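First the structure, in the form of structure tokens, and then the observations on it.
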Amino acid sequence: MQKKQSFTVKEAQKKLEHYCTYQERCHQEVVNKLKELGMIPLAIDTVVSKLIRSNYLNEARFAQSFARGKFRIKKWGKIRIKRELKARQVSDYNIKRGLKEIPENDYNNTFWFLFEKRKKAVDGNNPLTQKKKIISYMVYRGWETQKIYEALQDL
């Protein structure tokens with residue numbers, strides 16, 4: 001049986017500073033990491049507050065970075081980004097700030113790019129199946145249903 005390694009608050013803080021420096025993290029990820037390290041709740045609160053004070057942990061910065069990244073790389077819509085941020089327990093205020101990072105023009109261009117790409121991929125199916133596949137594809141990626149239905153009117 002392997003003995004679980006224990007950390008002092010200082011050691012855990014150093015470890016988490018590296019963890020937060022590597023990539024933006026939300027509070028929930030940091031708390032989960034500290035629990036993995038076997039820290040008690042009081043120590044977790046201490047480390048998290050020190051990370052916030054020394055600006056290693058910033059929920060607004062995380063939300064902005066997350067929204068930009070998921071939009072640019074995975075081409076997610078605002079609904080999916082919002083849902084994922086909520087799952088990470090990010091505040092509504094910071095979610096709104098994060099979504100403001102996505103330029104409206106880029107958002108619309110990406111929507112039409114994905115819509116046309118999916119339309120070509122399902123071409124040849126009967127129109128009803130084609131619409132169903134386009135809708136499920138776009139909804140899964142978090143695009144607004146209103147926007148999808150408006151685009152389908154032209155189909």
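Among residues other than K147 with Cβ under 15 Å from its Cβ, the summed charge is +2 (Lys and Arg +1, Asp and Glu -1). Model label sites at K120 and Q146, defined 7 Å from Cα along the beta-carbon direction, differ in position by 3.0 nm.
Only helical runs count toward this figure. For the chain, summing -39,500 (n - 2.57) over DSSP H runs of n ≥ 4 and dividing by all residues gives -22500 deg cm²/dmol at 222 nm. Straightening the chain between Y22 and L42 buys 4.7 nm, computed as 0.36 nm per residue apart minus the Cα-Cα spacing. Tell me, what is the percent relative contact order of the chain, built from C-alpha pairs under 8 Å that lie six or more residues apart? Averaging sequence separation for qualifying contacts and normalising by length gives 21 percent for the chain.
Segment K133..Q89, full-extension length gain: 12.7 nm, with 0.36 nm per residue of separation and the alpha-carbon distance subtracted.
GNM on the chain, alpha-carbon springs under 10 angstrom: the most fluctuating residue among V122, V47, V30 is V122. Compute the Cα gyration tensor for segment 9-53, then decide on rounded, prolate or oblate, letting a ≥ b ≥ c be the square roots of its eigenvalues: rounded whenever a/c is under 1.5, prolate when a/b is larger than b/c in the other cases, and oblate in all that remain. In terms of gyration-tensor shape, rounded. Across segment 59-99, Cα pairs under 8 Å and at least six residues apart give a relative contact order of 62 percent. Taking a ≥ b ≥ c as the square roots of the eigenvalues of the alpha carbon gyration tensor, the chain is prolate, as a/c is not under 1.5 and a/b beats b/c.
Quick note: the coordinates plus some simple rules give every number you see, no bench work behind them. All of these numbers come straight from a predicted model, not from anything done at the bench. When we count neighbours, we look across all protein chains shown, and the Cβ atoms used for this are built from the backbone with ideal geometry, even at glycine.
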